[in-house]
Amino acid sequence: MKYYVGIDLGGTNIVAGVVDENYNIIHKASVKTNRPRPEKEIADDMAKVALQAIAEANLTIDDVEWIGIGTPGIANSKDGIIEYSCNLGFDNTPMVKYIQEHINKPVYVENDANAAAYGEYVAGAGKGHNSLVCITLGTGVGGGVVTDGKILTGFNYAGAELGHTVIEVDGVQCSCGRKGCFEAYSSATGLIRMTKEAMEKDKNSSMWDLVRERNNKVSARISYDAMRLGDKSATEVVDKFTKYLAVGLTNVINIFQPEVLCIGGGVCNEGDALLNPVKEIVAKEVYTRNSPKNTEIVIAKLGNDAGIIGAAFLGRAHE
């Protein structure tokens, strides 16, 4: 049996998982990222948590083929450098070099959304297919594209930033500096913003009751739960969110025409309530609507493990 280690580097936690050749995570270990702090300290903790996961899986470093890392930001996989990550304060960080100071194994680094997409490609929603695009609806909208076993990164390793394509000209401000981005309307953050706006317009909405019941916190679930109660304002929010998401996904399909487009992130816990109306709109708007072959839109299968599994198999993606 061959084993690999995948590290999912997040803004809150660093999680390392030992993954076997059948894509099963056999053990995980984690530590707080504790940002902001020097990049070398974060790298040292990444190596430590990887070694911890290996030891707790009753393995040694000799049992591991390689280490893979999924990181926010622009990851230069050729040179092993994280060129830029605004959330972590990385600027041309030689991450592979830092990890190899502790672990004498091949180390690969990739953008976290790309790593998650690769995980879904090899072991999740895209398993058995030739091409996949993964869209993650979280704080932002992440994107990853895999074709013929290769991750699309662009010549400068900044490709597939699908969340920063504009779907509403002169729309709301996005964190990237543009206005009207896919991310600004179809992320969990965007859904929460639209929910709050609707609540302010309708003081009698049942969304207010749900928020009070949930520690006065507006979450991405509020509008969907209130919609199921028959709330008119909540239904309008969900319809608006659905329309924007469908527009963004239609654009992605028209550009890449993947066999599978999978959607991940916490919003996807809504399941068919999210997926079915989106698929209905996309089917009418996609350029290939009259074709006998069309992209299959599905919910991602691996959840939070996608990044670990994808990172663990980066050595294969970069062969």
Quick test of your reading of the structure: ASN156 fulfils all but one of (1) surrounded by fewer than 17 Cβ atoms within 10 Å (Cβ to Cβ); (2) closer than 24 Å to VAL298 by Cβ. Name the failing condition by number.
(2)
Cβ-Cβ under 6 Å, sequence separation 6+ or interchain: first residue in the range 199-222 and under 20 Å from TYR185 (Cβ atoms), partner part of a loop (DSSP other than H, G, I, E, B). Which pairs?
MET199/SER205
Restricting to the range 14-55, name every residue that is touching a strand residue (DSSP E or B) at 6+ places or on another chain (Cβ under 7 Å), polar (S, T, N, Q) and open to solvent by 60 Å² or more (accessible area, probe 1.4 Å).
SER30, GLN52
Do you know which of the residues in the range 217-233 that are touching a helix residue (DSSP H, G or I) at 6+ places or on another chain (Cβ under 7 Å) and over 22 Å from GLU183 (Cβ atoms) is least open to solvent (accessible area, probe 1.4 Å)?
ALA226
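Table: residues versus (1) part of a strand (DSSP E or B); (2) hydrophobic (A, V, I, L, M, F, W, C).
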{"position": "LEU88", "(1), (2)": "no, yes"}
{"position": "ILE99", "(1), (2)": "no, yes"}
{"position": "LYS105", "(1), (2)": "no, no"}
{"position": "VAL109", "(1), (2)": "yes, yes"}
{"position": "ALA115", "(1), (2)": "no, yes"}
{"position": "HIS129", "(1), (2)": "no, no"}
Any residue at all in the range 70-81 that is free of Cβ contacts under 8 Å to residues at least 40 places away in the same chain and either surrounded by 24 or more Cβ atoms within 10 Å (Cβ to Cβ) or part of a strand (DSSP E or B) (or both)?
yes
Name the one entry in LEU275, LEU249, LEU261 that is in contact (Cβ under 8 Å) with a residue 40 or more places away in the chain and either of a type in the set (Val, Ile, Thr) or assigned to a helix (DSSP H, G or I) (or both).
LEU249
Taking the stated definitions as given, is ILE297 in contact with a helix residue (DSSP H, G or I) (Cβ under 6 Å, 6 or more places away or on another chain) and farther than 22 Å from SER187 by Cα?
no
Out of the residues in the range 171-195 that are in contact with a strand residue (DSSP E or B) (Cβ under 8 Å, 6 or more places away or on another chain) and part of a loop (DSSP other than H, G, I, E, B), state the one that is farthest from ILE222 (Cα to Cα).
ARG178
Qualifying position, being open to solvent by 60 Å² or more (accessible area, probe 1.4 Å) and either of a type in the set (Ser, Thr, Tyr) or in contact with a His (Cβ under 6 Å, 6 or more places away or on another chain) (or both), among THR195, THR189
THR189
From THR242, THR235, grab the single residue that is free of Cβ contacts under 8 Å to residues at least 24 places away in the same chain and closer than 25 Å to THR139 by Cα.
THR235
Close pairs (7 angstrom Cβ cut-off, 6 or more residues apart or separate chains): farther than 16 Å from PHE241 by Cα in the range 159-176, part of a loop (DSSP other than H, G, I, E, B) and aliphatic (A, V, I, L, M) anywhere
GLY159/LEU152; ALA160/LEU152
Test each condition in (1) touching a residue at least 40 places away in the same chain (Cβ under 8 Å); (2) crowded, with 23+ Cβ neighbours inside 10 Å for SER131 and report the one that comes out false.
(2)
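Okay, residues lined up against (1) modelled with pLDDT under 95; (2) of a type in the set (Ser, Thr, Tyr):
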site: THR12; (1), (2): yes, yes
site: VAL18; (1), (2): no, no
site: LYS28; (1), (2): no, no
site: GLN52; (1), (2): no, no
site: GLU65; (1), (2): no, no
site: GLY68; (1), (2): no, no
site: GLY73; (1), (2): yes, no
From (1) open to solvent by 50 Å² or more (accessible area, probe 1.4 Å); (2) part of a loop (DSSP other than H, G, I, E, B); (3) of a type outside the set (D, E, K, R), pick out the condition that doesn't hold for ILE255.
(2)
How many residues does the range 84-105 contain that are open to solvent by less than 60 Å² (accessible area, probe 1.4 Å) and either more than 24 Å from the chain's Cα centre (by Cα) or of a type in the set (Asp, Glu) (or both)?
3
Out of all the residues in the range 293-304, is one or more modelled with pLDDT under 95, out of contact with any Phe, Trp or Tyr (no Cβ under 6 Å at 6 or more places or on another chain) and assigned to a helix (DSSP H, G or I)?
yes
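The values are calculated or read from the model by the stated rules, or taken from the named source; none is laboratory data. Keep in mind the model is a prediction, meaning the values are calculated, not measured. Glycine gets a Cβ as well: all are built from the backbone with ideal geometry, and neighbour counts include every protein chain shown. Ligands, DNA and RNA are stripped out before the accessible areas are found, and what is left, the full protein with its side chains, is counted by its heavy atoms. Shrake-Rupley method; radii C 1.70, N 1.55, O 1.52, S 1.80 Å.
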